[in-house]
Amino acid sequence: MITDNRSRRGVSDKLYKGFIYVVLIALAVIILIPVLWAFMASVKQDSEFYGNPWALPLGIHLQNFADAWLKAKMGSFMLNSVLVTAIALGLLLIVALPASYVLSRFKFRGNAFLNMMFMAGLFINVNYIVVPIFLMLNNGDKALRGILGHPVLLNNLFVLAVVYAAMSLPFTIYLMSGYFKSLPKEFEEAASVDGAGNFRTMVQIIMPMAKPSIVTVILFNFLSYWNEYIISMTLLTKPTFKTLPVGLMNLMAAQKSAVQYGQMYAGLVLVMLPTLIIYILVQKKLTQGMTMGGLKG
Amino acid sequence: MGGYTDNKTFVGFQNFSKLFQSEKFYQTFQNSVLLIVIVTIVTFALALLFASMLTREKLKGQNFLRVVFYIPNILSVVVISAIFSAIFDPNSGLLNAFLKLFRGFQAEPILWLGDQKIVIFSLAGAMIWQAIGYYMVMYMASMANIPESLYESAGLEGAGRMTQFFQITIPLIWTNIRTTLTFFIISTINMSFLFVMTMTSGGPDGATEVFLSYMYKEAYTNSSYGYGMAIGVIVFLFSFALAGILNAVTRREHLEY
Amino acid sequence: MKKILSLAITAALTLSLAACGNSSENASGTTTNSSNNTKTNSTSTTETRTLKLAALETAYGADVWKEITAAFEKATPGVKVETTIDKNIEDVIGPGMKSGDFPDIIHLAVGQQKGLTETFVKDNNLTDLTDVLSMTVPGEDVTVKDKLIPGFTDTSITNPYNDGKTYLMPMFYSPTGLFFNEGLFEEKGWKVPETWDEMWALGDKAKAEGIALFAYPMPGYFDSFFYALLNEVGGADFFNKATSYTEGVWETPEAKQAFDLITKLTSTYTEKTVPANANKDNFTKNQQLILDNKALFMPNGTWVVGEMSKAPRAEGFKWGFTALPALKEGGDRYSYTFFEQIWVPAKAENADLAKQFIAYLYSDEAAAIFAKVGAVQPIKGMSEKLDGDNKLFYSIYDSGAKAAMGAFATTDPVEGVNISDTVFRSIDSLVTGAKSQEDWVNGIIKASDALRAAMK
């Protein structure tokens, strides 16, 4: 009887496993097809876009990429995007790591209030405060013009990076302090016995342990900075300062003008390629970071 | 004012009273809430299910699948919208071509983005597609922390997969689930705006107008800047209140492994 | 408690912005002398003056503006023109203008997605350009007014405040009407309908062959159609009454005739897939319906030829273009004239130089440069100098059609009410059946009532 039962269970196990494979592979296909389609579209000639969108390209039309890179200036926009993203990430880490460490580890007056403020920050949507941010910078510019003779806050990649870093502080602090809270206190105690100060403990003991979490934070924020376009569009008004997604929007603005689909999809691939590459490079750390990190709550 | 002049008048709460009498705002509110509900429930259920499949079962290509599932999350919404516009195309779209296999080749095409009764669900579909991987990875992360011994002992006691899922997995990642509920609200309000702007422009005839797209329209296109900001205030208060309510309703005793 | 406090702070911050509403008193068109412009400050030491031009990049391309400004610089020593030309010009110059950095001249028509031009009109934020009309065109001995085709500066678009003053100057114009595949008509032996009755008969014939009578790119394209139709049902008088929201105008028999006609056209004779693609990202798919012989007619402007130039098409395809059919045999037929506008913000620093530049745009020299790329200005005798498709399009008024011009009157902003959304965007709902004609008309009446009080 027992053996019979077990073998029946084995059959249903196999069926269940088969079912899982089917479901998971179906989801993978649903996700991959659209992405591959975008790559396919980027090598098509303009005339191919009016027909069946699922037809295979007639040839590899790499001219699209050259056009997007040079004519549509996606090349120089990419440089802007790289600069902004790098500066913003640097600033974010310098501010957010110590802040979340302190907020999660030390008891002091106003700690709870500060934590609360950062939590409330999670609810503030960038899209509805972008104009106030703009007006603020603009008023600053008006004042600075009187002192320095020229405006400095708008059309400044560094300022955009500062705004980006500030915007992602609540989420980053929320995520990192969750992780720091989960660390046992013994490490710090041991360090302080060895005579290390608070700062040294943080830099030499805690940060290396938090590496996977930090990688996760970097990836998350890299993605959001790289793909952001609403703030960038508002704060950088001069064409030379456009970031990549804004450049792509411009490529897509086909309204009542000559439509260049090939170039547009090439631009689209140029925007998503770096994110894909970086994601694939760090994806192992990502899961690891989330496993260890504060996200588990 | 459209924001290009310096003229400002203090109008007190007038903008709010106008807002509550506006049919368009109610339509917008309805669309947004519908999206929040659908996207949250479907994404939540699927992400949880897939996460549990990927962590609990030994599968070939597990790593590959995990990498693939997260891809939509790293793409720009501009990219996703372009892709989905092509999928939803009535005549040459992939979705209708696929459905023809079941509905017969003479069937009238379904207007995924043209039929007012369907379009909001099409939009939700694209949003779910985008969000599922993110939440899946989040749930997987906390599921991986559940000690295997718990499942083993449950298995010995004869608990099936379903029972294990509801009795062990869900309670032990409950804190994480609560956190993600807040994320769902915040990100659906934000993402629905980005999707609408690039996919439907709020159409057909306002059927996909959501909070922030309506706010933008009033503030910039209709020169009613104060009115637009009033919408912004309502959205902020609404999302904060909704998150607060969900947080209170889902409060349970914290379980340790 | 702390939670409430922090919430209150954030709310208060946002609220303080929300409470800033629309002003009812307007500083009408006053030119305040702002010192916000850095560029002029930095160049003021030298003798050259800088004129800042912002223009929407349309199908005519960006290069034509560079050519024009180069020619102007040559003709006017000591002036340098700095151009900003972009397909998203509203996004590019909008933020700068919010901070007080205004271009001197903006070439951007009403009816754009973001409605920047309308915003300036609504806010009384334009420089009066009436005196440009009496200026002599640089290098010639005629005034601007004498060169322009009559009628173009008497419209509610160019004179938005109904006070006889011109604030926006007419630029490239293009007749609009119904576009079709002439090749298909020849092949089938069909006659292009001249009355709406013939139109319906043709619609039934085409339906039998699996071709829809009608398609439209986006509901916004109904503006020209609707304006022309208003002229057909009640003449120019009725058109003016309707577009100025006169009380009861939408309940008249004339209005009913127009509404009935559009409802019949959209709910019965329109290709069903149209609303699915009727947005700014996919509208070319609706235009493709004509090229693929899936629909017979679409309302459009002459730019569509260039827009679809690379698209594949049915064999023997040839663009055809006609005015709206008449209501009855021998009745008036109208073609709405779409034209772009160029204008000067009230806070432009170099308004005088800007006016000079605008006058120059109507010179033969400038007109010839524009005509090279197919951009035609309303200058007398221009249409005779054209060739190819353009000759056919611009000769529509020679072959009996009357020109309709103007648009819904500009009002102070009314929160939550937008007339073109109400009239045109609802047409999608007529096609899908989500709204009945009654719902549609009632919506228009309600919006009209709200806007009447806010009329300029």
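General remarks:
- Using a cutoff of 8 angstrom between alpha carbon atoms and counting only pairs six or more residues apart, the relative contact order for chain C works out to 25 percent.
- Between C:Q257 and A:V95, the FRET efficiency from the beta-carbon distance, with R0 = 51 Å, is close to 0.15.
- Distance histogram for region A:65-296 (every C-alpha pair counted, 5 angstrom bins, percent rounded to whole numbers): 1, 6, 12, 14, 15, 14, 12, 10, 7, 4, 2, 1, 0, 0, 0
- FRET efficiency for the pair A:S47 and B:S153, taken as 1/(1 + (r/R0)^6) with r the Cβ-Cβ distance and R0 = 56 Å, rounds to 0.30.
- DSSP beta bridges fully contained in the protein assembly as shown are about 55 percent antiparallel.
- Counted by Cβ distance under 12 Å from C:T268, the other residues give a net charge of 0, where Lys and Arg count +1 and Asp and Glu count -1.
- Residue-averaged beta-carbon neighbours from other chains (10 angstrom radius) around B:203-211: 6
- A simple charge model with +1 on the Cβ of Lys and Arg, -1 on the Cβ of Asp and Glu and nothing else charged puts the dipole of region A:43-191 at about 420 debye relative to its Cα centre.
- In degrees, nearest ten, helix C:253-269 long axis to first principal axis of chain C (Cα): 70 degrees
- Using the Karplus relation 6.51 cos²θ - 1.76 cosθ + 1.60 with θ = phi - 60°, the per-residue 3J(HN,Hα) values for region C:209-215 come to 9, x, 10, 7, 6, 9, 8 Hz, with x marking Gly and Pro.
- Residue pairs, from the table C:K241/C:K328; C:K241/C:K280; C:K147/C:K328; C:K66/C:K145; C:K188/C:K391, whose Cα atoms sit over 27 Å apart: C:K241/C:K280; C:K147/C:K328
- Approximate shape of region B:34-205 as ellipsoid semi-axes (Cα gyration tensor, √5λ), whole Å, largest first: 35, 19, 14
- Two-site FRET efficiency, A:D194 against A:F39, from Cβ-Cβ distance with R₀ of 56 Å, rounded to 0.05: 0.55
- In this structure the amide hydrogen of C:L56, modeled in the peptide plane, comes within under 5 Å of the amide hydrogens of C:H107, none closer than 5 places in sequence on its chain.
- Per-residue Cβ neighbour counts within 10 Å put A:I230, C:I427 in the sequence A:I230, C:I427, beginning with the fewest.
- Here, chain C is characterised by an Rg to Rh ratio of 0.99, where Rg is the alpha-carbon radius of gyration and Rh the Kirkwood radius.
- Axial C-alpha extent at least 27 Å, average Kyte-Doolittle at least 0.5 - helices from chain A (DSSP): A:2-41, A:74-105, A:126-148, A:157-182, A:261-292
- 16 Å Cα-Cα reach of A:K185 towards lysines, excluding residues that sit fewer than 8 places from it in its own chain: A:K107
- Tilt relative to chain C, helix C:2-18 - C-alpha long axis, 0 to 90 degrees, to 10: 80 degrees
- With the convex hull drawn around the C-alpha atoms of region C:44-139, the volume per residue stands at 134 Å³.
- Enclosed volume per residue, in Å³, of the convex hull spanned by Cα atoms of region A:167-236: 97 Å³
- Amide H partners (placed H, <5 Å) of C:K435, local residues excluded: C:L430
- Reported to the nearest whole Å, the Cα centre-to-centre distance from region B:14-34 to region C:150-174 is 36.
- GNM flexibility winner over chain A from A:W226, A:W37, A:W54 (Cα, springs under 10 Å): A:W54
- For C:G177, the amide hydrogen comes within under 5 Å of the amide hydrogens of C:N300, counting only partners 5 or more places away or on other chains and with H modelled in the peptide plane.
- Computed from Cα atoms, the angle from the helix C:222-243 axis to the main principal axis of chain C rounds to 80 degrees.
- log₁₀ of I(q)/I(0) at q = 0.15, 0.20 Å⁻¹ - region C:160-242, Debye sum with one point per alpha carbon: -0.77, -1.13
- Kyte-Doolittle mean at least -1.0, axial Cα span of 24 Å or more - DSSP H helices of chain B: B:23-56, B:119-143, B:174-199, B:225-249
- Protection proxy ranking of C:61-68, B:82-89, A:239-246, C:264-271, by the mean of other Cβ atoms within 10 Å over each peptide's residues and highest first, is B:82-89, A:239-246, C:264-271, C:61-68.
- Pair-distance profile P(r), taking every C-alpha pair of region A:21-162, with 5 angstrom steps and integer %: 2, 7, 8, 9, 11, 12, 12, 12, 10, 7, 5, 3, 1, 0
- Placing +1 on the Cβ of every Lys and Arg and -1 on the Cβ of every Asp and Glu, with nothing else charged, gives region B:198-257 a dipole about its Cα centre of roughly 80 debye.
- Cα centre as origin, Lys/Arg/Asp/Glu Cβ charges: the protein assembly as shown dipole, Debye: 4000 debye
- In order through region C:130-142: 3J(HN,Hα) via Karplus (6.51 cos²θ - 1.76 cosθ + 1.60), integer Hz, x for Gly, Pro: 4, 6, 4, 4, 8, 6, 7, 5, x, x, 10, 10, 10
- Based on DSSP H segments of at least four residues, each scored -39500 (n - 2.57), chain C has a per-residue ellipticity at 222 nm of -12000 deg cm²/dmol.
- 17 Å Cα-Cα reach of A:K285 towards lysines, excluding residues that sit fewer than 8 places from it in its own chain: A:K211, A:K296
- Three semi-axes describe the equivalent ellipsoid of the protein assembly as shown; taken as square roots of 5 times the Cα gyration tensor eigenvalues and ordered largest first, they are 52, 36, 26 Å.
- Inter-chain shielding of A:21-31 (mean C-beta neighbours from other protein chains, 10 Å cut-off): 5
- Spatially proximal aspartates and glutamates relative to A:K142 (Cα-Cα < 13 Å; intrachain offsets below 8 disregarded): C:D101
- Descending by average beta-carbon neighbour count within 10 Å, the peptides C:338-346, A:116-124 line up as C:338-346, A:116-124, the highest first.
- The mean count of C-beta atoms from other chains within 10 Å of the C-beta of residues in C:422-433, rounded to a whole number, is 4.
Values quoted throughout were computed directly from the atomic coordinates according to the rules given, and no laboratory measurement underlies them. Just so you know, these numbers come straight off a predicted model, no measurement behind them. Every residue, glycine as well, gets a Cβ built from its backbone with ideal geometry; the counts of neighbours run over all protein chains shown.
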